[in-house]
Amino acid sequence: MEIKRKYFEMFVRQMVVHQLLDEYKKDGYETKEQYPIGKNLRADIYAVKDGERVILEIKDKRARLEYIEKIRETAQKEGIRFIIVDISEIKIEEDSK
């Protein structure tokens, strides 16, 4: 069976969010998903460690670039590091056995 791209893309965004949450937690960050920032905005991931604040925004082909830009501008004004994770560039790692 082959999985059609449209079904795969429905779930890849959430998989990326969960993996990033796990990786940042493992590195000692406190993390929050769908973090409110600014007026009527929600960042995909907010992470903080030792005073360092980071926002990660997931970009896929459905992403509204104006929305991402508003989050970036707000993060910049608040002194929060902003990272875009473009999931069109994701590579699948094979499980080690």
**Order of ILE83, ILE45 - criterion: other Cβ atoms within 10 Å of each residue's Cβ, fewest first** = ILE83, ILE45
**Prompt:** What are the ³J(HN,Hα) values, in whole Hz, obtained from phi via the Karplus relation 6.51 cos²θ - 1.76 cosθ + 1.60 with θ = phi - 60°, for each residue of the stretch 81-88 in sequence order, with x given for Gly and Pro?
**Reply:** 5, 10, 10, 9, 10, 8, 7, 6
**Request:** Beyond 17 Å, what share of the Cα-Cα pairs of the chain is found? Please give it as a whole percent.
**Result:** 54 percent
**Asked** What FRET efficiency comes out for the pair HIS18/ASP50, r = Cβ-Cβ distance, R0 = 22 Å, nearest 0.05?
**Response** 0.40
**Asked** So what's the angle, to the nearest 10 degrees on a 0 to 90 scale, between helix 65-77 and the longest Cα principal axis of the chain?
**Response** 40 degrees
**Asked** Using a Gaussian network model of the chain with C-alpha springs under 10 Å, which one of ILE84, ILE71, ILE55 is most mobile by mean-square fluctuation?
**Response** ILE84
**Request:** Extending each Cα 7 Å along its Cβ direction at PHE11 and ILE87, get the distance between those two points in nm, one decimal.
**Result:** 1.2 nm
**Prompt:** Within the set LYS25/LYS70; LYS25/LYS59; LYS49/LYS70; LYS39/LYS77; LYS32/LYS61, which residue pairs have Cα atoms separated by over 19 Å?
**Reply:** LYS25/LYS70; LYS25/LYS59; LYS49/LYS70; LYS32/LYS61
**Prompt:** Once fully extended, how much extra length lies between GLN76 and ASP60, figured as 0.36 nm per residue of separation less the alpha-carbon to alpha-carbon distance?
**Reply:** 3.6 nm
**Prompt:** Going by how many other beta carbons lie within 10 Å of each one, how would you line up PHE11, PHE82, fewest first?
**Reply:** PHE11, PHE82
**Message:** Skipping prolines and chain starts, which residues have an amide H placed within reach, meaning under 5 Å, of the one on ILE58, given they are 5 or more residues away or on another chain?
**Reply:** ASP44, VAL85
**Request:** Could you check what % of the DSSP bridge pairs in the chain are antiparallel, to the nearest 5?
**Result:** 65 percent
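Each reported figure results from applying straightforward, stated rules to the coordinates on display, with no laboratory input. Since the structure is predicted, the reported quantities are computational estimates derived from the model, not experimental observations. Using ideal geometry, Cβ is built from the backbone for each residue, glycine included, and neighbour counts are taken over all protein chains shown.
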